[in-house]
């Protein structure tokens, strides 16, 4: 009998959904950084300060890690 993690890890739809959720978490901060550098919106540094930049950085890295897990190919093709 397979455990719950094994069933989830082999489910393509669940993995894809996990990957998309990770990207949805990460992409807004990426866009904010780009548009903030161009001056379209307030920069991340102006909003969070130098020491506070770790907050959006941590959220972005978390989202990218979740996306990496979601889009990882388990070799079950």
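Checked against (1) closer than 30 Å to residue 12 by Cβ; (2) outside any helix (DSSP H, G or I), residue 26 meets all criteria but (2).
The condition of being under 30 Å from residue 13 (Cβ atoms), in a helix (DSSP H, G or I) and either in contact (Cβ under 8 Å) with a residue 24 or more places away in the chain or within 17 Å of the chain's Cα centre (by Cα) (or both) holds for only one of 66, 55, that being 66.
All of the numbers you see were taken from the coordinates with simple rules; none came from a lab. A quick note: this is a predicted structure, and the numbers were derived from the prediction, not measured. Glycine gets a Cβ as well: all are built from the backbone with ideal geometry, and neighbour counts include every protein chain shown.
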